[in-house]
Amino acid sequence: MIIDVIVGARPNFMKVAALFSIADEFPSLTLRLIHTGQHYDEAMSGVFLKELGLPKPVFNLGVGSSSHATQTAQIMIGYEEWVSKNRPDVCLVVGDVNSTVACALVAAKMQILVAHVEAGLRSFDRTMPEELNRIVTDSLSDLLFVNEPSGVKNLMKEGVKSSKVHLVGNVMIDTLFSQLVKAKKKTKYVELGLESGQYAFVTFHRPSNVDNSEIFLEIVNQLLWLSNVMPVVFSVHPRTKNQLQNTGLYEVLETSQSIHLTGPLSYTDALSMTANAKVVITDSGGLQEETSVLYVPCLTLRDNTERPITIEEGTNTLIASDWALFRKKIEEIEEGIYLSETSDIQLWDGAAAKRILTVLEAI
Ligand code: UD1
């Protein structure tokens, strides 16, 4: 069985790495890595392929950055051409980026089975491009692999047949466990003159936080406040960097003694930075999950999450733009009383990829 495994944007690589790392155990399955080129910088793509031991993609569509419609359409055109000459049995997509929905739509129209890893997650916020991608991808999918029980509930409510839905756990956490030893040897925080457990690790890039200048300015102000409480490491995504430069705020942050700006980090550098942080401040979906597994407090700069288990059983708190709550949570973290009781999340045990390939092997 030939399975096209689609990657495009940064959060996709660590998810598919878990599948490739155990593919040898499933000799009847041939996994082909297809890269759409949605992300293309070494720091956003190449470094992850190398660090995670992923094979060289058999095909790179090279679409690059553009508007949503243009990018999605270009991925569809490129992938349709590939599929018409190299038809797979299954198209496996992960997450919720434009590459996910574009390839799922091409495959479904060509009557190729679509498998969606990280299915069923819903923020119920249709202003997020990712939410639209999730809804469309799930409605096109034949096999829906789900991370957490809320995903199963959401799919049942939407009328998806239960035989299509498989609660398998979280492939990104598989990769986290397998890379943790390597990540523990990384000491970027030491190079910055910081101690483990003493700094805040910050990263945000959602259009809702970055593209709205009022909200953006407020977040930057809060980070400046935070830098008086503890040192801050801010890993700046390209979208965020553009906005910081356009607003002149990059220089303001750069001159602060206790704010350390870095570009996008490699997987193990980011994992090390997260595992050693006192608190993570983010709008990333993946980091809400990773901090929960690492027992690191996470303050999320959003008013919803498609990953509610990270609040119920993990270390996550939604801050939205409630800055009084933000400061209260920072105080609790300083006092060591923040969410001290967390439990291990069911099926986030390092074996999700095995469950997925076992299902695929049997179809
Ligand atoms: C995309 C995903 C988002 C994911 C994020 C992770 C969609 C709809 N959004 O958002 O879900 O959380 O990736 O990073 O798919 N750029 C570079 N180099 C690159 C890629 C992008 O400099 O390699 C710059 C370009 O200026 C581009 C901007 O970043 O316009 C945004 O990139 P884009 O892929 O459009 O969206 P992200 O915000 O990264």
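The values are calculated or read from the model by the stated rules, or taken from the named source; none is laboratory data. Since the model is a prediction, treat every value here as computed from it, not as a measurement. No Cβ is skipped: glycine too gets one built from the backbone with ideal geometry, and neighbour counts run over all protein chains shown. Each accessible area value is taken on the protein alone, full model and side chains, heavy atoms only, with ligands, DNA and RNA left out. Shrake-Rupley method; radii C 1.70, N 1.55, O 1.52, S 1.80 Å.
Taking the centroid of alpha carbons for each part, region 1-53 and region 95-155 are 18 Å apart. What does the helix-only formula give at 222 nm for the chain: each DSSP H stretch with n ≥ 4 adding -39500 (n - 2.57), the total divided by the residues, and the result rounded to the nearest 500 deg cm²/dmol? Here the helix-only value at 222 nm equals -13500 deg cm²/dmol.
Taking each residue as 0.36 nm, the span from Asn246 to Glu191 lengthens on full extension beyond its C-alpha to C-alpha distance by 16.9 nm. Charges were assigned to the Cβ only: +1 to each Lys and Arg, -1 to each Asp and Glu. The resulting dipole of the chain about its Cα centre is roughly 760 debye.
To the nearest ten degrees, helix 285-294 and the longest principal axis of the Cα atoms of the chain are 70 degrees apart.
Pairwise Cα distances in region 92-226 exceed 27 Å in 42 percent of cases.
With a Förster radius of 45 Å, plug the Cβ-Cβ distance of Ser28 and Gln198 into 1/(1 + (r/R0)^6) and report the FRET value to the nearest 0.05. After rounding to 0.05, the efficiency reads 0.35. Hey, what did region 1-151 get for relative contact order, percent, Cα under 8 Å, at least 6 apart? Value for region 1-151: 22 percent. Across the protein chains, with a 1.4 Å probe defining accessible surface, the residues Met273, Met156 rank Met156, Met273 from largest area downward.
For region 81-168, the carbon plus sulfur part of the accessible surface works out to 54%, probe radius 1.4 Å. Taking the Kirkwood radius as Rh and the Cα radius of gyration as Rg, the chain has a ratio of Rg/Rh equal to 0.96.
When only Cα pairs below 8 angstrom with a gap of at least 6 residues are kept, region 238-363 shows a relative contact order of 16 percent.
Taking the Kirkwood radius as Rh and the Cα radius of gyration as Rg, region 265-362 has a ratio of Rg/Rh equal to 1.03. Note on Leu132 and Val229: the model spin-label points, each 7 Å out from Cα along the C-beta direction, lie 3.6 nm apart.
The calculated FRET efficiency for the pair Gln111 and Asn304, based on their C-beta separation and a Förster distance of 35 Å, comes to about 0.50. On the beta carbon distance between Trp323 and Phe177, with R0 = 45 Å, the FRET formula returns roughly 0.80.
Could you tell me how many degrees, from 0 to 90 and to the nearest 10, lie between the Cα long axis of helix 352-361 and the main elongation axis, the longest principal axis, of the Cα atoms of the chain? The two axes meet at around 10 degrees. Restricting things to alpha carbons, find the Rg to Rh ratio for region 1-139 using the Kirkwood radius for Rh. Reported Rg/Rh, Kirkwood definition of Rh: 0.94.
Given a 1.4 Å probe and the protein chains as shown, Ser266 ends up with an accessible area of around 10 Å². The packing ranking, built from the mean of other Cβ atoms within 10 Å per residue, places the peptides 118-128, 325-335 in the order 118-128, 325-335, highest first. Across region 139-295, how many lysine pairs separated by 8 or more positions, or lying on different chains, have Cα atoms within less than 28 Å? For region 139-295, the number of qualifying lysine pairs is 11.
Diffusion coefficient (Stokes-Einstein, Kirkwood radius over C-alpha pairs, 10 °C, 1.306 mPa s) for region 171-276: 109 µm²/s, rounded to a whole number. Placing pseudo-labels 7 Å out from each Cα toward the beta carbon at Lys50 and Ile215 gives an inter-label distance of 3.5 nm. Once the 1.4 Å probe is applied to the protein heavy atoms, region 27-150 comes out at 40 Å² accessible per residue.
Can you find, among Met1, Gly169, Val101, the residue farthest towards the positive end of the dipole of the chain? Put +1 on the C-beta of Lys and Arg, -1 on that of Asp and Glu. Farthest towards the positive pole: Met1.
The angle between the Cα long axis of helix 323-335 and the main principal axis of the chain comes to about 80°, on a 0 to 90 degree scale.
For region 173-213, the fraction of 1.4 Å probe accessible surface lying on carbon and sulfur atoms is 51 percent.
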